[in-house]
Amino acid sequence: MKIFTMQLNKDYWENRYNTDEIGWDVGQITAPLKEYIDQLTDKSVKVLIPGAGNGYEVDYLITQGFTNVFVIDLAEIPLQNIKKRNPDFPSEHLIQGDFFKLDDAFDLILEQTFFCALQPELREKYTQKMHSLLKSNGKIAGLLFDFPLTEVGPPFGGSKIEYETLFSNQFHIKTLERAYNSIKPRADRELFFIFKPK
């Protein structure tokens, strides 16, 4: 795999927010994640949203009565934005830091544009870290982009076959299919998935 030399570090992401170059931000939770959350019945599950950005999923989870939600992001600005919108949200659940250094265990991890924002050479490390962060009966669910991997990004793409190969060593692939309810700009370019750790 080609090594991408761009430094997608804290400064890079803070600059994207400062200059309002956040084209991935649609201003609300997207339909695939909303519908997935809507069918969850246990509101006490411990949820992680990594690389959450402005974290509209957090807003929705709160309104639906989920009480154990955590967010981690390299950039501080989006975490401040989440707190402004949700002043009663526990500050200790807003983690400004490196996902790969997080040490905890979760019932559910929601994936929304985090995977595609990482340098592609980190993908194997991502799968290992996700596995280590999930409880034995936990799951990771969300969306992965389905378009050819190029040197232009983020976002960086991928394919169903690549994801099956990448995740199958450590996860049972419960669902990996084209999202039928993507927002218009992402129609036919997203795969909805649910993976459970082996």
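The values are calculated or read from the model by the stated rules, or taken from the named source; none is laboratory data. What you see is a predicted model; the values in this text were computed from it and never measured. Here Cβ is always computed from backbone atoms with ideal geometry, including for glycine, and neighbour counts include all displayed protein chains.
The residue pairs whose first member lies in segment 50-71 and is under 19 Å from L134 (Cα atoms) and without any contact (Cβ under 8 Å) to a residue 60 or more places away in the chain, whose second member is of a type in the set (D, E) and part of a loop (DSSP other than H, G, I, E, B), and whose beta carbons are closer than 8 Å, counting only pairs six or more residues apart or on different chains, are F70/D104. Can you tell me which residues in segment 128-161 are within 25 Å of E35 (Cβ to Cβ) and assigned to a helix (DSSP H, G or I)? M130, L133, K160 - these are the residues of segment 128-161 that are within 25 Å of E35 (Cβ to Cβ) and assigned to a helix (DSSP H, G or I).
Among the residues making up segment 77-118, those that are assigned to a loop (DSSP other than H, G, I, E, B) and either in contact with a helix residue (DSSP H, G or I) (Cβ under 7 Å, 6 or more places away or on another chain) or among the polar types (S, T, N, Q) (or both) are N86, F89, L102, D104, A105, T113, L118.
Selection of segment 30-54 for residues being outside any loop (DSSP other than H, G, I, E, B) and closer than 25 Å to A117 by Cβ yields A31, P32, L33, K34, E35, Y36, I37, V47, L48, I49, P50.
Looking at L94, L108, L118, just one residue is over 27 Å from L40 (Cα atoms), of a type outside the set (G, A, S) and buried (at least 17 other Cβ atoms within 10 Å of the Cβ), and that residue is L118. You will find that of I22, I37, the residue that is surrounded by 13 or more Cβ atoms within 10 Å (Cβ to Cβ) and either touching a Leu at 6+ places or on another chain (Cβ under 9 Å) or at pLDDT 90 or above (or both) is I37 and no other.
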